[in-house]
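See structure below.
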Amino acid sequence: MKPPPRTRIQQRNTGLILDAALEVFSAHGFRGATLDQIAEVAGLSKPNLLYYFSSKEAIHRTLTSEMLDTWLDPLRDLAGDGDPVDEIVRYVLRKLDMAREYPRESRLFANEIVQGAPRILDVIEGPLKTLVDEKAALIARWVRDGRIAPVDPHHLIFSIWAVTQHYADFDVQVRGILRPEGDGHFRDAAVFLEDLFRRALAPR
């Protein structure tokens, strides 16, 4: 039996809690965050917050599950029927866009990984591994067919994650060095990364 649909107020409060939790978790990590902090940022009482989520762990789990689902969409879209170099470059640029649009989510994930991923290790070793292995097999096929340069598929994916999420996870460092106006450095990064990956992946 399906639960009854949530009212507009319930939807609103759930959204407020998750947005507040994202702010608190991305700034303080799971261990440093408290329900009191989340409730204060959300503008709700702690008992009201606990009406929607039973624990800090439940809020964190909801956030990370939604975040991973969103973040993995570009990898899921890596298609075998397109031009391999174009497909991979498109993936790189979408990941860079996500670093610009979702910096708090990226830092939330980074904090969890640094702590040993105790709350999402099952996802990493399960659905995430399955998806990455599937796309690595596709990239390996492109290599065998001579459609891209010889690369290690898994390390290619890791390198894409590293160079794109850097702009979110180390935003303070990037801005401190470049001192950009607004987000102009993301446009420069896109040009640089497209050229870098096209050169690296061009069939030899």
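Just so it is clear, none of the values below were taken in a lab; they were calculated from the coordinates. All values reported here derive from a predicted model rather than from experimental measurement. All Cβ positions, glycine included, derive from the backbone under ideal geometry; neighbour counts span all protein chains shown.
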Expected single match for over 17 Å from Q115 (Cα atoms) and either among the basic types (K, R) or within 24 Å of the chain's Cα centre (by Cα) (or both) among A27, A42, A33 is A42
Would you check which residues across segment 62-117 are more than 11 Å from the chain's Cα centre (by Cα) and among the hydroxyl-bearing types (S, T, Y) and list them? T62, Y91
Please list, ordered by first then second residue, the pairs with beta carbon atoms under 6 Å, 6 or more apart or interchain, first in segment 7-32 and surrounded by 15 or more Cβ atoms within 10 Å (Cβ to Cβ), second not in a helix (DSSP H, G or I). V24/A33; F25/A33
Subset of segment 33-49 that is in a helix (DSSP H, G or I) and of a type in the set (S, T, N, Q) - its residue that is surrounded by the most Cβ atoms within 10 Å (Cβ to Cβ): Q37
With respect to the numbered conditions (1) over 28 Å from G32 (Cβ atoms); (2) touching an Asp or Glu at 6+ places or on another chain (Cβ under 9 Å); (3) outside any helix (DSSP H, G or I), which one is the sole condition not fulfilled by P118? (1)
